[in-house]
1. May I ask you to say which residue of R109, R81 is over 22 Å from V33 (Cβ atoms) and either free of Cβ contacts under 8 Å to residues at least 24 places away in the same chain or not polar (S, T, N, Q) (or both)?
2. Residues of segment 210-246 being part of a loop (DSSP other than H, G, I, E, B) and small (G, A, S), which ones?
3. Show me the helices (runs of 4 or more DSSP H) entirely contained within segment 124-209 in which 2 or more residues are basic (K, R).
4. Only one of (1) touching a strand residue (DSSP E or B) at 6+ places or on another chain (Cβ under 7 Å); (2) away from the ligand (no atom under 11 Å from the Cβ); (3) hydrophobic (A, V, I, L, M, F, W, C) is not met by A200, so which one is it?
5. Would you please name the residue that is nearest to the ligand (Cβ to nearest atom), looking only at residues in segment 153-185 that are touching a Gly at 6+ places or on another chain (Cβ under 6 Å) and touching a residue at least 60 places away in the same chain (Cβ under 8 Å)?
6. Output the residue which, of all residues in segment 51-74 that are open to solvent by 40 Å² or more (accessible area, probe 1.4 Å) and in contact (Cβ under 8 Å) with a residue 24 or more places away in the chain, is farthest from the ligand (Cβ to nearest atom).
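The values are calculated or read from the model by the stated rules, or taken from the named source; none is laboratory data. Everything numeric in this text was worked out from a predicted model, so none of it was measured. Neighbour counts run over all protein chains shown; Cβ positions are idealised from the backbone, glycine included. Protein only, heavy atoms only, side chains kept; ligands, DNA and RNA dropped before computing areas. Shrake-Rupley method; radii C 1.70, N 1.55, O 1.52, S 1.80 Å.
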Amino acid sequence: MTDFQGQRAVVTGATRGIGKAIASALLRRGVTVIGTYGSDGKAAQRFLEESGEVSDRLFLHQCDVSSYGEVEALYGKIEERFETIDILVNNAGIRRDGVLAMMPEEDWRRVVDVNLTGGFIMSKFGVRLMLKQRYGRIIFITSPMAHMGFAGQSNYAASKAGQIGMMKALSRETAKRNITVNCVSPGFIETGLLDDLPEALVREYRNMVPLRRFGKPEEVAEAVLFLAGRKAAYVTGAVLEVTGGI
Ligand code: NAP
């Protein structure tokens, strides 16, 4: 038996990178995981196959977190099958880098829609289920870019800073009902999100990290597990950094 046995979690962007590590860690602790993904059905299929005997507790749905209608329909299915959820991890996120002066409007809107508005829609329906049972854990995966704001990432940085503001406000709204709301802020983590970076930039970023290496998705998952657990009951409105010291 673990602290998490029998709980139900929603993890967005659960099929690759950090989200997959979070979903796997929750599955190993006995949690039923409802995971979402954007468009890569093959990655979803692979994850199900790799999950082996715990795959009967893994439910993957294609659901664009920025679509109000798709998220509402997903929560309809969740409520019908599982009644409520205990944990929501708002992890799905994208980058579309470019200097602000040249940034197409579509790139601004898409990043804010997925990273920020997606977190709003997922949390709106998720928190309603949690309010009924007077218990819940909501975790946003933000980024140090929220306050560092690298050149070429105005859309990403704004979306990540927005997540922190939303998390703070929501944590105050839900505190009386025993629902905590926090952020985990990973530094440079080895996932597909960094695949398009030129080698020179990867070296430069690595040198910025006091621990002199990029983090692993599993190391972010450990921080999420802490905040998602019952024992983190007195932690709310916080940002937990997992950055190797940057
Ligand atoms: P990743 O490897 O690119 O995986 C992203 C996941 O999000 C995939 O499962 C993807 O599904 C899903 N997704 C993308 N758009 C979606 C949408 N509209 N609706 C639903 N799901 C969607 O990314 P990652 O590196 O693991 O990043 C996860 C989170 O951590 C993001 O919020 C990111 O900003 C944050 N973060 C990452 C780093 C880093 O260094 N990697 C650092 C700080 C913060 P499909 O594959 O099907 O599209």
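1. Of the residues listed, the single one that is over 22 Å from V33 (Cβ atoms) and either free of Cβ contacts under 8 Å to residues at least 24 places away in the same chain or not polar (S, T, N, Q) (or both) is R109.
2. G229, A233, G237, A238, G244, G245
3. Because the criterion is at least 2 residues that are basic (K, R), the helices (runs of 4 or more DSSP H) in segment 124-209 that meet it are 154-174, 199-208.
4. (1)
5. Q163
6. Filtering segment 51-74 for residues that are open to solvent by 40 Å² or more (accessible area, probe 1.4 Å) and in contact (Cβ under 8 Å) with a residue 24 or more places away in the chain, the one farthest from the ligand (Cβ to nearest atom) comes out as R57.
One line per residue, one yes/no per condition, for (1) touching a Lys or Arg at 6+ places or on another chain (Cβ under 9 Å); (2) at pLDDT 95 or above; (3) open to solvent by 50 Å² or more (accessible area, probe 1.4 Å):
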{"position": "L88", "(1), (2), (3)": "yes, yes, no"}
{"position": "M103", "(1), (2), (3)": "yes, yes, no"}
{"position": "F120", "(1), (2), (3)": "no, yes, yes"}
{"position": "S123", "(1), (2), (3)": "no, yes, no"}
{"position": "R134", "(1), (2), (3)": "yes, yes, yes"}
{"position": "P144", "(1), (2), (3)": "yes, yes, no"}
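Results for (1) open to solvent by 20 Å² or more (accessible area, probe 1.4 Å); (2) among the hydroxyl-bearing types (S, T, Y), shown as yes or no for each residue.
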position: H147; (1), (2): yes, no
position: I179; (1), (2): no, no
position: V184; (1), (2): no, no
position: E190; (1), (2): yes, no
position: T243; (1), (2): no, yes
